[in-house]
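Reading through the structure tokens given below for one structure.
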Amino acid sequence: MTPKAIRIFFAMFLLFVIFFAFGSDLARIKNGGFFSDESTYFAIMQSLAFDGDLEYTREDIMRIRREYWVGPMGLFLKQARDGRLYYAKSFIHPLALAPFFRLWGSHGILLANGLMLFLVVLMGFLLLRRFHEPGRSLAFTLVYVFGSVSFIYVWWVTADLFNFFVNFAALFFFFYEFKRPAWGYAAALFMAAAVFSKPNNLLHFGLLFLLLLHRRQWKRFVILGLLCVLFLGALFAFNYVQTGEVNYQGGERRSFYGNFPLERDDFSFAGGYKMSTDTYWNRFFLSPAIAVLNAFYFFFGRFTGMLLYFPPAFFLLLFFFFQRKHASDWFLLAAIAAAILCCILLMPDNYFGGGGSLGNRYFLSIYPLFFFLGLRERRLRSPLVSLAPVAAAIIFLSPVLLNGLQHSAFPRYPGLSFPIRLFPPEKTQYATLPSNTNPRAFNRRIAGKYTLFFLNDNYNPIEGEAFWTHADKQLELFVLAPGKVQRFTFQLKNIPRDNHVRLQVEHKARTVFIPAGEVRSVSFSHVPGLRFFSRYLYLVKIKSRKYFCPFFADPATQDRRLLGVQAHLLLEY
């Protein structure tokens, strides 16, 4: 690819970003609502854009509803000593986008997000071309950005794409050898933004600072460190001046859904749900089994796995072990390991961002590290380096990449679809999985005896303590029991057809024959589960070979359900 062709590409890319931003109506596309944690970020953004502050006022909620008429789906607020209300999330991402929003409204959000992707591609290309042929450098950078779910977050108002950008920019300015070395100090600005947005980013940047000591770059170490502290100090100082708190998560925090303070006289701050990290360590539970499972799920989990949602990162790490290394690569590898361990050990029950996440949105802060890992000796001449992540993206992400907005609104869908559904569901994340965004599936207590978490949609509404599977589809669910279960007994009621039913509890499975209309009990004993304090979690699968629709057999009924087998679960402790 010639330099002229590359320049034309970037010009066309920039033109696409501009027309994409101004040709899309973000609020209308989202039906006037928000994804995940977008509400608070948007609220902070409009407050900074029009009022220049972090205070929550009645005018704020009115502006939000004018733009997004459904209103916020969760708003994080805190109350200061003087009774005023302030936003209780990091403001660095809304601050960066506030000028765009002030000038162009929601079109400005899309423009800023698009420009961040454009700049990541440009920076990646500029860095790679110093060591590799320009055409291959551009092609691989495009594979890296568009071969994962990262670019889908262009539609989101959350800080995730921003975290991806500032981490990537920080690493670019840290590693790129400028003709004027002073440009490299710009890394401090992006590092400070990344740490203020997500404090655990401090861990991998701290390890990279050790690289400066290893290289004996004392001057750069001191200046870069001082600039980072200066920028961070300015951000915390702004928060203190605005709210009277240094920590944006400090003070009494509450979340609001539906009724928002100051919207009406009878809606007050006291009506919100308390948010507190004071009892985190009392709720924190980590065991060797959970740590090992989290390490496995981080790479291969059905809803969060790196291989499935960020295949370029997976293959960059894999290929790194088969190429030459430099000293900086080992520091980057240590930074990657530290960042992942921080997620799976310090956030063992939610290392990926919660049920509203498409893939692992927390991974977007770590993803840039993989691009820089071993980039000097990367074998871009080998077709495998680019084709392997492309093939994985085609296999796992084709529906997501072609319909990113739909999958952003319903992030559980990838985990329900072939072939991703063949991967193991994350037991350790049972309370925060995207499957729980279906309210009929989440935390279904059965007569106060145990709790069910359905992992797919292959079930009919619960009837008392029993439920019918849907047609001949396999139902998967988690059973959360109050203690260790000694015996599982399934009372299976069959449809009016001779049938075979397959049952599985963890690794134990049986297929049983049930005559038409009859009931049969099937038991499993001594099945190991995953312990959470005194409770135990078990994975259960149920599949009926045949199904029956009452509507087609009985003229007197309007029951159109496709029934497989009815299951009533009894537990013995």
In deg cm²/dmol, rounded to the nearest 500, the helical mean residue ellipticity at 222 nm of the chain, built from -39500 (n - 2.57) for every DSSP H run of length 4 or more, is -14000 deg cm²/dmol
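Taking a temperature of 10 °C and a viscosity of 1.306 mPa s, what whole-number D in µm²/s does Stokes-Einstein yield for the chain with Rh from Kirkwood over alpha carbon pairs? Numbers along the way, then the final one.
On the way: Rh = 26.0 Å.
In µm²/s, the coefficient is 61.
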Residue by residue through the stretch 170-185, the couplings from Karplus 6.51 cos²θ - 1.76 cosθ + 1.60 with θ = phi - 60°, in Hz, x for Gly and Pro, are 4, 5, 4, 5, 6, 9, 5, 8, 6, 5, 9, x, 4, 4, x, 6
For the stretch 75-91, Karplus-derived ³J(HN,Hα) couplings (6.51, -1.76, 1.60; θ = phi - 60°; whole Hz; x for glycine and proline) come out as 9, 9, 10, 9, 10, 7, 4, 7, x, 6, 9, 9, 6, 10, 9, 4, 9
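Less than 12 Å Cβ to Cβ from R81, Lys/Arg counted +1 and Asp/Glu -1: what total charge do the surrounding residues give?
Result for the neighbourhood of R81: -1.
State which entries of K78/K449; K427/K508; K449/K543; K473/K493; K78/K198; K89/K219 exceed 27 angstrom in Cα-Cα distance in the structure shown. Please report the intermediate quantities before stating the final value.
On the way: K78/K449 37 Å; K427/K508 17 Å; K449/K543 24 Å; K473/K493 16 Å; K78/K198 19 Å; K89/K219 35 Å.
As for pairs spanning more than 27 Å Cα to Cα, those are K78/K449; K89/K219.
With an 8 Å Cα cut-off and a minimum separation of 6 or more residues, compute the relative contact order for the stretch 443-572 in percent.
On the way: 335 pairs, mean separation 41.6, N = 130.
Once normalised by length, the contact order is 32 percent.
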Nearest 10, in degrees from 0 to 90: the angle of helix 187-197 to the longest Cα principal axis of the chain is 30 degrees
Given Cβ charges of +1 for Lys and Arg and -1 for Asp and Glu, the option among F101, F151, Y176 whose Cα lies farthest towards the positive end of the dipole of the stretch 100-193 is Y176
Given backbone amide H placed at 1.01 Å from N, residues whose amide H is under 5 Å from that of Y536, ignoring those fewer than 5 places away on the same chain, are A481, G483
Rounded to the nearest 10 degrees, the helix 3-22 long axis (Cα) sits at an angle to the longest Cα principal axis of the chain of 60 degrees
For the chain, longest principal axis from Cα atoms; helix 134-146 axis from its Cα atoms; angle between them, nearest 10 degrees, is 40 degrees
Whole-Hz Karplus couplings 3J(HN,Hα) for the stretch 205-221, θ = phi - 60° and coefficients 6.51, -1.76, 1.60, Gly and Pro as x, run 5, x, 5, 6, 5, 5, 4, 5, 5, 4, 7, 6, 8, 4, 4, 5, 4
For K4, the lysines lying under 29 Å Cα to Cα, once residues fewer than eight places off in the same chain are dropped, come out as K179
Footprinting proxy, L208, L537: sorted fewest to most Cβ within 10 Å, the residues are L537, L208
Long-range amide H partners of L562, meaning residues 5 or more apart or on another chain whose placed amide H is closer than 5 Å, are A471
Here the relative contact order (percent) of the chain, from C-alpha pairs under 8 Å and at least 6 apart, is 12 percent
Interchain or sequence-distant (5+) residues whose placed amide H lies within less than 5 Å of the amide H of G74 are G258
If T243, T304 are placed from fewest to most neighbouring beta carbons inside 10 Å, the sequence is T243, T304
Rounded to whole angstrom, the alpha-carbon centroid of the stretch 11-34 lies from that of the stretch 366-388 at a distance of 30 Å
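Taking neighbour counts of Cβ atoms within 10 Å as a proxy for exposure, in what order, fewest first, do D51, D349, D160 appear?
Working: D51 13, D349 17, D160 28.
Result, fewest neighbours first: D51, D349, D160.
Bear in mind these aren't lab numbers, they're just calculated from the coordinates by the rules spelled out. Not measured: the values here are computed from a predicted model. Every residue, glycine among them, receives a Cβ derived from its backbone with ideal geometry; neighbour counts consider all protein chains shown.
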